[in-house]
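K.L.:
Can you keep this structure in mind? I'll have questions shortly.
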Amino acid sequence: MAFQTEYEFILPKGFVDEEGTLHKRGVMRLATAADEILPMRDPRVQSNPGYLTIILLSRVITRLGDLTMIDTRTVEKFFTADLAFLQNFYRQINEGEGVQVKTVCPKCDHEHEVDMAFLPGPSGA
């Protein structure tokens with residue numbers, strides 16, 4: 001079995017380019033140490049730490065629809081629902097498997113496993 005380094009995704013809303021074309025299907029690759037370290041030197045990140053997400057995503061998204069060049073200007077134009085989706089997707093593929101917890105449904109007594117990685121935190125996020 002080959003080690004998977006690229007993952008396909010479908011954006012909830014999609015990116016509309018300058019010609020009005022909607023792009024929803026894309027590919028994200030696994031992040032490297034450089035992807036997470038080098039943006040920290042960027043003045044945009046130093047003045048606004050929230051910009052780290054924009055740079056990270058522009059580095060790891062390798063394709064979006066017909067677009068093969070994804071830069072920070074492209075990521076800045078994503079709808080917030082798509083940005084949130086991509087942040088979660090980035091964590092999912094880079095942090096690996098979530099914690100599986102066995103649980104029992106209180107209504108039907110059916111046993112099943114729940115992936116804790118997809119449950120909202122205390123803030124609801």
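The values are calculated or read from the model by the stated rules, or taken from the named source; none is laboratory data. Quick caveat: nothing in here was measured; it's all calculated off a predicted structure. Cβ placement follows ideal geometry from the backbone for every residue including glycine, while neighbour counts extend to all protein chains displayed. Areas reflect the complete protein model, heavy atoms only, side chains present, ligands, DNA and RNA absent. Shrake-Rupley method; radii C 1.70, N 1.55, O 1.52, S 1.80 Å.
K.L.:
Can you tell me how many residues in region 65-93 are of a type in the set (G, A, S) and either open to solvent by 60 Å² or more (accessible area, probe 1.4 Å) or touching a Pro at 6+ places or on another chain (Cβ under 8 Å) (or both)? Break it down into steps so the answer makes sense when it comes.
P.N.:
To start, the set of residues in region 65-93 that are of a type in the set (G, A, S) comprises 65, 81, 84.
Imposing the further condition that a residue be either open to solvent by 60 Å² or more (accessible area, probe 1.4 Å) or touching a Pro at 6+ places or on another chain (Cβ under 8 Å) (or both) reduces the set to 81.
Qualifying residue count for the region: 1.
K.L.:
Could you please find all residues in region 7-61 being in contact (Cβ under 8 Å) with a residue 24 or more places away in the chain and in contact with a Pro (Cβ under 9 Å, 6 or more places away or on another chain)?
P.N.:
Within region 7-61, K24, L56, R59 qualify.
K.L.:
Counting only residues that are aliphatic (A, V, I, L, M) and open to solvent by 50 Å² or more (accessible area, probe 1.4 Å), which one in region 1-32 is farthest from the chain's Cα centre (by Cα)? Walk me through it before giving the result.
P.N.:
Of the residues in region 1-32, the ones aliphatic (A, V, I, L, M) are 1-2, 10-11, 16, 22, 27-28, 30-31.
Now restrict to residues that are open to solvent by 50 Å² or more (accessible area, probe 1.4 Å): 1-2, 10, 16, 22.
On the way: M1: 24, A2: 22, I10: 11, V16: 18, L22: 19 Å.
That would be M1.
K.L.:
Return yes when L38 is farther than 18 Å from E8 by Cβ, of a type in the set (A, V, I, L, M, F, W, C) and over 16 Å from the mean Cα position of the chain (by Cα) and no when it is not.
P.N.:
Details: farther than 18 Å from E8 by Cβ: yes; of a type in the set (A, V, I, L, M, F, W, C): yes; over 16 Å from the mean Cα position of the chain (by Cα): yes.
Yes; evaluated as a whole, the condition is true for this residue.
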